[in-house]
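The values are calculated or read from the model by the stated rules, or taken from the named source; none is laboratory data. Just so we're clear, the structure is a prediction, and the values are computed from it rather than from any experiment. FYI the Cβ positions are ideal-geometry reconstructions off the backbone, even for glycines, and counts take in every protein chain you see. Ligands, DNA and RNA are stripped out before the accessible areas are found, and what is left, the full protein with its side chains, is counted by its heavy atoms. Shrake-Rupley method; radii C 1.70, N 1.55, O 1.52, S 1.80 Å.
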Amino acid sequence: MFKSLYAKIDAIVTGTHDRDTKLKNICNLLEEKVPHYNWVGFYFKNGDREELKLGPYVGAPTDHTIIPFGKGICGQVALSNQNFVVPDVKAQDNYIACSISVKSEIVIPIFVKGENVGQIDIDSETINPFTKEDEDFLEYICDRVAHFL
Ligand code: SME
């Protein structure tokens with residue numbers, strides 16, 4: 001499934017649109033083409049604050065447009081600098097629910113010159129859907145995105 005999407009990501013990244021349009025187009029592509037991706041968005045460090053701010057996304061609107069570092073899955077990734085794969089959100093204590101239909105989540109950090117500047121966050125309505133292929137694909141996206149931020 002992901003194989004054909006790498007070239008489509010490249011086309012978005014190397015295109016002439018502005019930063020936020022590229023990010024939004026990536027969200028649209030993922031939400032449309034990957035059946036187990038139901039909410040796709042980017043969070044970025046909010047200036048000098050120890051918090052994340054929601055950037056472009058596709059899916060249901062969320063109240064969580066600002067997330068303090070350490071809070072929820074996203075806030076934990078801001079501190080850990082590690083991928084966070086959550087097969088079942090019910091099993092997480094430090095989790096911020098955006099919608100009751102969400103069953104699982106994956107968050108992959110974005111690094112610019114070694115600094116964790118943000119992340120891609122994906123919610124799924126399927127339980128335990130993520131594999132190493134998801135992580136490889138999303139790491140690729142984060143790496144490409146880092147070059148135009
Ligand atoms: N569930 C996330 C919050 C962001 S929403 O999924 C859009 C978390 O626990 O950090």
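Below is a table of values for the structure above.
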{"item": "Residues of region 112-138 that turn out to be under 24 Å from VAL13 (Cβ atoms) and surrounded by fewer than 14 Cβ atoms within 10 Å (Cβ to Cβ), as a count", "result": "8"}
{"item": "Filter pass, LYS24 being surrounded by fewer than 17 Cβ atoms within 10 Å (Cβ to Cβ), outside any loop (DSSP other than H, G, I, E, B) and without any contact (Cβ under 8 Å) to a residue 60 or more places away in the chain", "result": "no"}
{"item": "All positions within region 110-149 that are over 21 Å from THR62 (Cβ atoms) and touching a Ser or Thr at 6+ places or on another chain (Cβ under 7 Å)", "result": "ASN128"}
{"item": "Where a residue in region 121-142 is away from the ligand (no atom under 15 Å from the Cβ) and its partner, wherever it lies, is open to solvent by 60 Å² or more (accessible area, probe 1.4 Å) and hydroxyl-bearing (Ser, Thr, Tyr), with Cβ under 8 Å and at least six apart", "result": "PHE137/TYR6; TYR140/TYR6"}
{"item": "LYS103 being within 13 Å of the ligand (Cβ to nearest atom), of a type in the set (Lys, Arg) and under 22 Å from PRO35 (Cα atoms)", "result": "yes"}
{"item": "Selection from region 106-149 of residues that are under 19 Å from PRO35 (Cα atoms) and of a type in the set (A, V, I, L, M)", "result": "ILE106, VAL107, ILE108, ILE120, ILE122, ILE127, LEU138, ILE141"}
{"item": "Only listed residue being in contact with a Phe, Trp or Tyr (Cβ under 9 Å, 6 or more places away or on another chain) and surrounded by fewer than 20 Cβ atoms within 10 Å (Cβ to Cβ), chosen from SER104, SER99", "result": "SER99"}
{"item": "Qualifying residues in region 139-149 (those that are of a type outside the set (A, V, I, L, M) and in a loop (DSSP other than H, G, I, E, B)) - the one most open to solvent (accessible area, probe 1.4 Å)", "result": "HIS147"}
{"item": "Output for region 28-50, where each listed residue is surrounded by fewer than 18 Cβ atoms within 10 Å (Cβ to Cβ) and part of a strand (DSSP E or B)", "result": "PHE44"}
{"item": "Top-ranked residue in region 1-21 [being open to solvent by 50 Å² or more (accessible area, probe 1.4 Å) and of a type in the set (Asp, Glu); ranked as farthest from ILE73 (Cα to Cα)]", "result": "ASP18"}
{"item": "Counted residues, region 86-104 - those being in contact with an Asp or Glu (Cβ under 7 Å, 6 or more places away or on another chain) and under 10 Å from ILE73 (Cα atoms)", "result": "2"}
{"item": "Test for LYS71: is it out of contact with any Pro (no Cβ under 9 Å at 6 or more places or on another chain) and of a type in the set (D, E, K, R)", "result": "yes"}
{"item": "Matching residues in region 121-138 - criterion: being closer than 15 Å to PRO109 by Cα and either aliphatic (A, V, I, L, M) or outside any strand (DSSP E or B) (or both)", "result": "ILE122, ASP134, GLU135, ASP136, PHE137, LEU138"}
